Amino acid sequence: MSRRRRVLAAALVGFALATLSVLGYTSGASLAAYYYYSGCNPPYGYCPTAEDSVSENVDPGETVSTPGSPTAENPVQTSVTTPTGGTVTIEEQNDISQPSPSGFTFIGQQVEITAPDATASNPLVITFNIDGSVLVANGLDYTTIQVFRNGNLIGPCTQGAISSGRASPDPCVSARSPFPLPDGDGASITVRTSQASFYNFGMSTAFAVSGFFSPVLNAPALNTAKAGSSAPLKFSLGGDQGLNIFAFGYPLSVKIDCTTPFAVDNFSAPAMTSGSSILTFDPKVGQYVFSWKTEKSWASGPAGPCRQIVARFISGQELKANFKFVK
């Protein structure tokens with residue numbers, strides 16, 4: 001159904017609901033019809049009620065933003081910086097016209113952006129600030145909410161692209177943080193892309209998580225490994241779910257007490273930052289393998305000798321394993 005028809009239908013159903021309410025006849029079926037035609041999705045927490053749009057002609061390097069801060073009624077605030085200049089238009093829409101891809105559910109608002117095409121080496125930079133009401137209602141945080149362009153999941157930028165300002169892959173997510181800083185319930189997500197279009201936000205359905213498999217034992221068991229070696233973390237998600245499976249900043253390792261397996265200090269280390277840590281999927285056995293490259297200093301330095309590796313997935317599910325590192 002087109003946006004105009006859905007809005008018209010919502011208005012008509014809303015008028016009918018108001019009339020029925022006065023007469024005392026508002027039913028669950030009529031409420032469901034209103035939610036559908038207005039683009040709301042009550043099972044996922046709330047219905048946005050406000051929309052923003054802006055269109056400006058700007059010079060290269062300038063930014064166009066929708067006004068104000070995100071709220072429960074208007075949960076997304078968008079900024080677009082264009083490297084080439086021209087007309088930039090942003091429409092934050094309650095009506096989600098893009099279909100959710102398999103394994104995900106779209107939530108919040110849809111953002112339609114038009115802007116002059118850029119390049120992967122000098123991309124558009126788009127920042128979405130999302131109100132915490134969207135995340136809390138759906139059991140999400142800034143590490144697990146996902147962003148999509150034209151219905152396709154946007155993965156993280158490579159480390160080299162983040163430092164150089166490129167979009168690799170194109171598009172990619174270059175930054176995530178809580179919103180507002182430092183520890184708000186919302187999310188701020190920055191995307192680099194050569195093209196504008198439709199952007200949506202979504203939540204992953206739960207995976208069929210199992211593992212870790214041999215030779216690694218799950219927490220609270222304590223594995224022993226040589227510091228500086230690669231530990232093979234094998235697990236299953238119920239099939240090939242692609243490689244964009246980890247929540248932002250994960251896998252993450254933290255120092256633990258060797259006798260009581262709880263984090264004891266701030267010696268945390270994102271395990272994906274090492275070029276030697278590699279994630280692969282083996283279709284023959286239907287398992288993922290994350291080769292975790294450990295540090296030699298963990299055997300005797302202040303960040304060791306015991307650490308816990310946490311693999312958190314975009315679904316919010318986790319696997320944990322404890323290690324004691326030796327020389």
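The values are calculated or read from the model by the stated rules, or taken from the named source; none is laboratory data. Treat the numbers as computed from the prediction; the structure is a model and nothing was measured. We place every Cβ from the backbone using ideal geometry, glycine too, and count neighbours over all the protein chains shown.
Going by the conditions given, is L233 closer than 26 Å to I145 by Cβ and assigned to a loop (DSSP other than H, G, I, E, B)?
No; evaluated as a whole, the condition is false for this residue.
May I ask you to verify whether P101 is surrounded by 14 or more Cβ atoms within 10 Å (Cβ to Cβ), touching a Pro at 6+ places or on another chain (Cβ under 8 Å) and modelled with pLDDT of 50 or more?
Criteria not met by P101.
Kindly indicate the residue of segment 214-250 that is of a type in the set (S, T, N, Q) and crowded, with 16+ Cβ neighbours inside 10 Å and also farthest from F290 (Cα to Cα) among those meeting that condition.
Restricting to residues being of a type in the set (S, T, N, Q) and crowded, with 16+ Cβ neighbours inside 10 Å, the top hit is N223.
Please go through segment 204-217 and give me each residue that is polar (S, T, N, Q), under 20 Å from A137 (Cα atoms) and in a loop (DSSP other than H, G, I, E, B), ordered by number.
T205
Please go through segment 203-245 and give me each residue that is touching a residue at least 60 places away in the same chain (Cβ under 8 Å) and closer than 23 Å to P99 by Cα, ordered by number.
Residues satisfying the conditions are M203, S204, T205, A206, F207, Q241, G242, L243, N244, I245.
What is the one condition in (1) surrounded by fewer than 21 Cβ atoms within 10 Å (Cβ to Cβ); (2) over 30 Å from S174 (Cα atoms) that F323 does not satisfy?
The number of the failed condition is (1).
Of all residues in segment 124-153 being within 12 Å of I314 (Cβ to Cβ) and among the β-branched types (V, I, T), which is surrounded by the fewest Cβ atoms within 10 Å (Cβ to Cβ)?
So the residue we want is T143.
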